[in-house]
1. Taking the number of other C-beta atoms within 10 Å as the exposure measure, put B:99, B:44 in order starting with the fewest.
2. Would you calculate the convex hull of the Cα atoms in the range B:359-402 and tell me its volume per residue in Å³?
3. Give me the Kirkwood hydrodynamic radius of the range B:214-284, using the inverse of the mean 1/r over all pairs of distinct Cα atoms, in Å to one decimal.
4. How compact and how long is the range B:72-171, expressed as Rg and Dmax of its alpha-carbon atoms in Å?
5. Regarding the range B:381-433, what's the average projected area of the Cα-atom convex hull, expressed in nm²?
6. For helix B:282-291, report the angle its Cα long axis makes with the longest principal axis of the Cα atoms of chain B; keep it between 0 and 90° and round to the nearest 10°.
7. Under the √(5λ) rule applied to the eigenvalues of the Cα gyration tensor, what semi-axes describe the equivalent ellipsoid of the range B:185-237? Give them in Å, descending.
8. Report the dimensions of the range A:1-155 along its three principal axes from the alpha-carbon atoms, largest first, rounded to Å.
């Protein structure tokens with residue numbers, strides 16, 4: 001197992017290198033001159049030239065790439081073109097808010113989603129199923145920005161129970177995590193349901209029932225455990241997506257996270273920040289995939305890695 | 001700890017609370033603004049917002065009041081030599097920086113030496129590069145010598161970027177001065193949580209007695225329009241700008257809020273590439289200007305918070321002349337177009353410099369209006385990067401792809417030079433500046449040059465009037481509307497104004513209990 005993990009971790013490096021190269025190319029292919037954008041609407045050509053020099057954009061593209069890669073290898077992602085602060089600081093202070101929000105959203109939505117899924121599967125085609133799936137379809141179809149605004153209007157403006165924007169206290173987490181988790185809960189519910197329905201028709205479930213086990217034991221011990229594999233995969237994927245920072249939710253709730261940083265960075269053609277964020281996203285996905293693979297073995301001991 | 005008598009702790013706590021309680025309720029004001037600040041160093045900022053915020057802790061030699069009238073701030077008076085090259089500025093006495101050092105002529109020299117040194121690579125270098133040298137005459141007199149005569153120089157000093165930073169702090173922080181501001185302003189800097197807020201607190205040693213009237217200001221950047229409006233309704237913010245037109249009615253309905261529509265110097269216009277067919281024909285340009293109903297545009301796209309542009313330079317900018325608005329006359333437009341040889345119109349491109357929803361409405365409206373006289377315009381909303389590539393950095397004027405171009409401008413120095421020269425002088429073709437009409441008039445060029453060289457006000461007025469009349473006649477643009485700036489504040493808050501250039505004036509800020 002350990003050997004497997006180490007092997008996978010080593011496999012990270014070439015992937016990241018390729019991603020890094022691609023990102024660098026794509027970012028520099030975007031139209032628009034970052035020096036011109038950074039210098040502002042009423043800058044003279046001399047000022048633009050000064051800014052260009054200051055940002056190191058007057059060097060040739062290969063030279064910039066070499067500087068970028070060697071920098072990254074030393075852990076230096078350069079400085080933001082917009083704020084002139086180190087990119088690592090810039091991304092670093094945005095990472096934790098997004099991480100906590102993702103965690104908050106994931107924890108409630110996975111629990112609720114799986115619960116709805118299991119209930120729907122057990123009472124298939126009866127009213128709990130219909131209710132659960134109606135909720136799930138609504139959760140998927142209701143756009144996050146609209147949900148966020150409606151929630152804010154009701155709970156912050158009308159009822160005055162919760163704060164509108166910011167990330168200062170636990171109260172600030174409630175509305176954004178609800179908004180962010182709604183879609184995830186819906187997806188989890190549908191996934192759990194379909195996977196569970198399949199499992200409940202398996203032979204070993206019939207055997208378990210024939211043995212005279214109580215329905216609770218059949219569902220929880222024999223059903224849930226086996227139904228978890230696809231659910232965990234989905235969970236990992238969703239977690240990765242949310243970690244990238246939901247642009248919509250972060251803008252509506254003014255969350256100081258990665259999504260907003262990315263929007264700002266793309267707007268200003270802040271190359272170093274875009275590159276660092278995309279690299280980080282790739283890294284997160286790869287790591288999450290690895291964790292999911294390891295979890296498979298935990299859930300189902302018959303799965304072995306070599 | 002355990003043996004410590006409980007009553008003693010309680011007494012101590014109570015006493016502590018008693019002493020800690022302030023003599024009056026703290027007046028903490030929250031401003032919700034639309035985007036994150038880029039820096040606290042106005043010399044290195046290109047956005048109006050960062051500079052407006054920096055007025056909390058910085059002041060310049062001159063400044064603008066809430067109506068964009070120039071007023072002396074740290075300066076007492078000035079004299080200029082006949083040749084327009086040397087400015088002698090007398091400074092106010094007894095002013096201290098937040099770090100306790102004195103404000104004097106040496107500080108003035110240190111600040112201008114810093115920005116005029118290209119090695120410092122400051123974004124506002126261009127605004128001050130005309131300064132040849134700054135000298136200290138005595139402690140409270142500074143002598144500034146220009147490289148070429150520039151009669152709008154005082155306006156550059158009043159520009160929100162031209163502030164006085166403590167020289168001691170500049171030495172202490174070096175490049176990090178951009179996040180550790182030390183000035184002479186009414187508030188001192190407390191902290192900047194980049195993602196969340198920037199906080200300033202009352203400076204007790206402020207030179208203007210009795211000011212500031214509030215204890216702290218917290219500047220909160222909140223990107224989403226609706227979220228800012230929500231904060232106003234819950235009372236989490238006292239002031240917000242901008243308020244989107246759609247939200248104005250909702251906020252007006254709240255008894256505790258007040259929505260203010262202030263006049264601006266933001267002029268919106270449609271520039272036409274005068275070097276290219278068919279826009280090289282003045283009749284075509286006039287026809288286009290006649291074909292647009294500006295009042296309807298103001299209603300449709302700006303929710304009524306705009307009015308038809310009265311000239312080339314909007315009111316509120318010094319030396320503006322009222323020449324219009326350009327009338328809406330379809331019959332005349334059709335006739336002119338026929339005379340120019342396009343009785344059935346033609347096809348062309350209409351670009352917008354912005355891709356927000358207001359610009360979308362404007363361009364769709366313009367498309368419909370132009371359709372009335374047979375001109376079929378294809379709309380493209382340019383994203384910032386595309387705009388830079390296709391318009392602002394286009395190298396060769398002869399091949400410039402821009403035709404009809406919807407854009408806006410506000411003269412940040414509050415003076416006619418910066419309202420005309422960057423947009424309409426022949427030396428301002430992109431990529432150097434923003435003459436997107438590629439308009440060239442020897443008369444206008446000469447007027448601009450002459451106006452800059454003279455220090456005589458009547459002469460200057462005459463030159464600028466002449467230039468504006470000529471431009472109006474040549475119609476390189478169809479002037480559209482002047483925007484109104486929509487802000488909202490809690491009725492408890494007084495003394496905060498949105499200035500015509502969309503900066504803020506809050507010297508009189510106060511909060512009623």
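Only the coordinates and a few stated rules stand behind these numbers; no lab work does. Keep in mind that this is a model prediction, so the values were computed, not measured. Virtual Cβ from ideal backbone geometry, glycine too; neighbours counted across all protein chains shown.
1. Final ranking by Cβ density, sparse to dense: B:99, B:44.
2. 78
3. 15.6
4. 12.9, 39
5. For the range B:381-433, the mean projected area of the Cα convex hull comes to 4.1 nm².
6. With rounding to tens, the tilt is 60 degrees.
7. 26, 14, 7
8. That works out to 72, 51, 26 Å along the principal axes.
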